[in-house]
Amino acid sequence: MPVTVAGDKTVIGFNREELTRLFNLAGGAQKKVAGPWLFETLDKVLSAVIKAVRQVPPHQMMWTTPDRDRPFKVFCYHILVDPIHVLDAIATRKYDGSFKLTYAEAAERFGSMEEVARFGEEVRRRLSEAQTNLTAADFDREIDGYAGKTNGNELLHQVLSHTAHHLRQLYEMLRMIEVEPDSPLGAKEFEGISMPKELW
């Protein structure tokens, strides 16, 4: 596997996005498109998240996760709801990040992990509808993001990365409570998804 080193920065493998950033190759990165691969992969990852959510024992629903000292229920809701925030941003053309303050309060309505899982199935349905109903122009429209100008293509790729990374953490959290993940996704299923190498 190739390793690229520039000063104190290292890129493992041919990671086009990271290499473009490392060498300041303006315009060198391929345009991110919310196409069939993106939606199929995001649906696969969300399905795996939902399967893992259903493995959380009822008495562990409020177990405190090690990543940010939050209950399991809130962590799982956070993973599943973020694609909805992206769809809302595509509709409103605003992505101000205020939703980050609402996870704990919004998750209170779920009385069980099964209810969280069923919410996840609704998220999958919403994404399937978006793939069918939204056009390339919808995904291309500029969005005012909290980190600058962006668009639906970029935000959907970001949420795929975010969801996959949290799924890996979720698998590890299940093991921490002595639950072995059922048929977890492996390296092959994560191919093509840009995400941090470190788990935490």
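The values are calculated or read from the model by the stated rules, or taken from the named source; none is laboratory data. Note that the structure is a prediction, hence the values are computed from the model and not measured. Virtual Cβ from ideal backbone geometry, glycine too; neighbours counted across all protein chains shown.
Within region 118-128, can one find any residue that is part of a helix (DSSP H, G or I) and modelled with pLDDT under 95?
no
Scanning region 129-161 for residues that are part of a helix (DSSP H, G or I) and β-branched (Val, Ile, Thr), which turns out nearest to the chain's Cα centre (by Cα)?
The qualifying residue nearest to the chain's Cα centre (by Cα) is Val159.
May I ask you to list the residues in region 162-200 that are small (Gly, Ala, Ser), in contact (Cβ under 8 Å) with a residue 12 or more places away in the chain and assigned to a loop (DSSP other than H, G, I, E, B)?
Ser183, Gly192, Ser194 - these are the residues of region 162-200 that are small (Gly, Ala, Ser), in contact (Cβ under 8 Å) with a residue 12 or more places away in the chain and assigned to a loop (DSSP other than H, G, I, E, B).
Here's the yes/no breakdown for (1) at pLDDT below 95; (2) surrounded by fewer than 17 Cβ atoms within 10 Å (Cβ to Cβ):
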| position | (1), (2) |
| --- | --- |
| Ala29 | yes, yes |
| Glu40 | no, yes |
| Leu46 | no, no |
| Val53 | no, no |
| Pro58 | no, yes |
| Arg68 | yes, yes |
| Val74 | no, no |
| Lys100 | yes, yes |
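So, in region 76-98, exactly how many residues are buried (at least 16 other Cβ atoms within 10 Å of the Cβ) and assigned to a helix (DSSP H, G or I)?
Adding up the residues that qualify gives 14.
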